[in-house]
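This report concerns only the one structure given below.
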Amino acid sequence: MKSEPIALPADPADAEDFDTTAEALDRGQRARLIRRTRTGLGLSQSEFASRFRVPIGTLRDWEQARTAAPDFAIAYVRVIGQHPEMVAKAVA
């Protein structure tokens, strides 16, 4: 098992804090972008998934940072954020 270097060490004053790797930080940033885009459009996870043809389970995994959204998905979400009506029309 390969051990990744720690990007953000745990706060010693917080017993519930933990070390974080660079990969985990990236996954969290991707999750935040997706969640902010969706909530900025005023859509629930179910509405967003249906409107933009993203499997609901996949969207939940990305938003909760259980899995990292791939680069193409991040690009897709950025386009959705800029042109939501155009994307919805294109995938309808």
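The values are calculated or read from the model by the stated rules, or taken from the named source; none is laboratory data. As the structure is a prediction and not an experimental result, all values here were calculated from the model. All Cβ positions, glycine included, derive from the backbone under ideal geometry; neighbour counts span all protein chains shown. Remember, those area values only see protein heavy atoms, side chains included, never the ligands or the DNA or RNA. Shrake-Rupley method; radii C 1.70, N 1.55, O 1.52, S 1.80 Å.
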Answer with yes or no whether Thr20 is among the polar types (S, T, N, Q) and modelled with pLDDT of 90 or more. no
Quick check on my filter: what residues within the stretch 69-87 are within 12 Å of Arg30 (Cα to Cα) and among the charged types (D, E, K, R)? Asp71, Arg78
Filtered residues of the stretch 1-35 (kept if touching a residue at least 40 places away in the same chain (Cβ under 8 Å) and of a type in the set (D, E, K, R)): Glu23, Asp26, Arg27, Arg30
I'm trying to understand the selection: among the residues of the stretch 41-71, which are over 12 Å from the mean Cα position of the chain (by Cα), free of Cβ contacts under 8 Å to residues at least 12 places away in the same chain and exposed (fewer than 15 other Cβ atoms within 10 Å of the Cβ)? Gly42, Ser44, Ser46, Glu47, Ser50, Pro55, Ile56, Gly57
Take Arg38 and tell me if it is without any contact (Cβ under 8 Å) to a residue 40 or more places away in the chain, open to solvent by less than 50 Å² (accessible area, probe 1.4 Å), of a type in the set (D, E, K, R) and under 29 Å from Ala90 (Cα atoms). yes
Residue by residue through the stretch 61-91, note down the ones that are within 19 Å of Glu47 (Cβ to Cβ) and acidic (Asp, Glu). Asp61, Glu63, Glu85
Among the residues of the stretch 41-60, is any in contact with an Asp or Glu (Cβ under 6 Å, 6 or more places away or on another chain) and either outside any helix (DSSP H, G or I) or modelled with pLDDT of 90 or more (or both)? no
Scan (1) surrounded by 15 or more Cβ atoms within 10 Å (Cβ to Cβ); (2) under 19 Å from Lys89 (Cα atoms) for the single condition Ala24 breaks and write down its number. (2)
Among (1) open to solvent by less than 50 Å² (accessible area, probe 1.4 Å); (2) assigned to a loop (DSSP other than H, G, I, E, B), where does Val87 come up short? (2)
From (1) charged (D, E, K, R); (2) out of contact with any helix residue (DSSP H, G or I) (no Cβ under 7 Å at 6 or more places or on another chain); (3) modelled with pLDDT of 90 or more, pick out the condition that doesn't hold for Asp11. (3)
